[in-house]
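Scroll down for the structure; my scribbles are underneath it.
Readers should treat all values here as calculations from the given coordinates under stated rules, not as data from a laboratory. A quick note: this is a predicted structure, and the numbers were derived from the prediction, not measured. Note: ideal-geometry Cβ built from the backbone for every residue, glycine included; neighbour counts use all protein chains shown.
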Amino acid sequence: MKIGIVCYPTYGGSGVVATELGLAMAKEGHQVHFITYKRPARLISFQDNVYFHEVNAMDYPLFEYPPYETALASKMVDVVNYEKLDLLHVHYAIPHAAVAYMAKNILKQKGIDIPVITTLHGTDITLVGQDASFYPVVEFSINQSDGVTAVSEHLAIETLEKFKINKEIKVIYNFIDFNRFKKTDKNHFKKAIAPNGEKIIVHTSNFRKVKRVDDVIKTFEMIRNKIPSKLLLVGDGPERRHLEELCRALGLCDDIRFLGKQDAIEEILALADLFIIPSENESFGLAALEAMACEVPVISTDIGGLPEVNIDGVTGYLCALGDTKDMAEKAIYILSDEKVHDRFKLACKEQAERFDIKKILPQYEEYYASFL
Ligand code: GMT
């Protein structure tokens, strides 16, 4: 198949899933064309069957905002037409589903019928898509897509509750590549970060309000009072400054490291003892799955699709939003006893295997094939 993938090229979960999916499809022999404004963050080296088409919105003094959607639609038309693509898969409904609708109709006039599949990732439905400035376009363009997938049961149900959707939404979960995410021996690195054998707690995100990184820090403070530990905060985003101030105010700077955006997340997870994801909204929680694949137990909220990934009392614990006391107690329980910790670690790996890319990729291939 010749597949066009449209996504955000940044470190956000939807871009990561789109890129990893494309790369895996290319390895299976499909030809994959990424269409976006920048090289996707995880598209780091040359790979056979992979192409990247950069979208450039022309600047002009009249434009306060260069019209990216128009440039993207034109690029989609161009690539589909000249590369003879079989299918377009757009990730994150805003604005990609609407732009795909426009491209599809332009191509129809040229006698080309291209199926469009939209994958809903989360905030495009639960947060951003609810804003009046986007809502009608999101609803319309989802209904105009030939196929619609969601990354969890919860997100599929929420989409049907929040919009009038006349399409069946197929659930295809986020996935994990065990060639990359697995437990590895990084003891030298661990010694550098935790020289006295402290426990290592990790959080990765884009530091947006929805991720509630404050709660990670508050939980960590309570854990550290009982168990010597270090916190690694991976990622960057709008809350970073405020979080640094919170660390200073709580006197935690010696035990908390801000590592910024990292490509090799798996190397950090490989030395982690616990992962915390206290989000107020999370359609799936790819970051939690990445941790679990590296045998790291997860303390999360019981929100959105997280309970489909993190099994309460088995792979970690599900706690109420904002209940940092409960999060800390559960974390201390897991970290206090080696045998308990080992039981959780093993369960994490077993649960992560349900989402092995080898199991999820054929679901996408089958879904694509049903539109051709
Ligand atoms: O806010 C983020 O976490 C980024 C966001 C995105 O769309 O880029 O991630 C969403 O998609 C991921 C991949 O499908 C999911 O694993 C995340 O749970 C989801 N984030 C939210 O729902 C907040």
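Overview of results
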read-out: Formal net charge of residues neighbouring Gly235 (Cβ-Cβ distance under 11 Å; K, R +1; D, E -1); value: +2
read-out: Karplus 3J(HN,Hα) series, Hz, for the range 89-100 with 6.51 cos²θ - 1.76 cosθ + 1.60 (x for Gly, Pro); value: 10, 9, 10, 6, 4, 9, x, 4, 5, 5, 5, 4
read-out: Cα gyration tensor category, rounded, prolate or oblate, for the range 187-355 with a/c compared to 1.5; value: rounded
read-out: Cβ-based charge dipole, the chain, positive-most Cα from Gln351, Cys253, Ala192; value: Ala192
read-out: Burial order of peptide ranges 63-71, 201-209 (average beta-carbon count within 10 Å, highest first); value: 201-209, 63-71
read-out: Debye, to nearest 20: dipole size of the chain, +1 on Lys, Arg Cβ, -1 on Asp, Glu Cβ; value: 520
read-out: Rounded, prolate or oblate (a/c below 1.5 giving rounded, otherwise prolate when a/b exceeds b/c) for the range 272-332 by Cα gyration tensor; value: oblate
read-out: Shape category assigned to the range 250-290 from the gyration tensor of Cα positions, a/c cut at 1.5; value: oblate
read-out: Point-charge dipole on Cβ atoms (K/R +1, D/E -1) for the range 35-186, about Cα centre, debye to 20; value: 380
read-out: Protection proxy ranking of 234-245, 45-56 - average other beta-carbon atoms within 10 Å, highest first; value: 234-245, 45-56
read-out: Counting DSSP beta bridges with both ends in the range 128-261, the antiparallel % (nearest 5); value: 0
read-out: Cα centroid of the range 32-48 to Cα centroid of the range 258-305, whole Å; value: 24
read-out: Alpha-carbon Rg/Rh ratio, for the chain, with Rh computed the Kirkwood way; value: 0.99
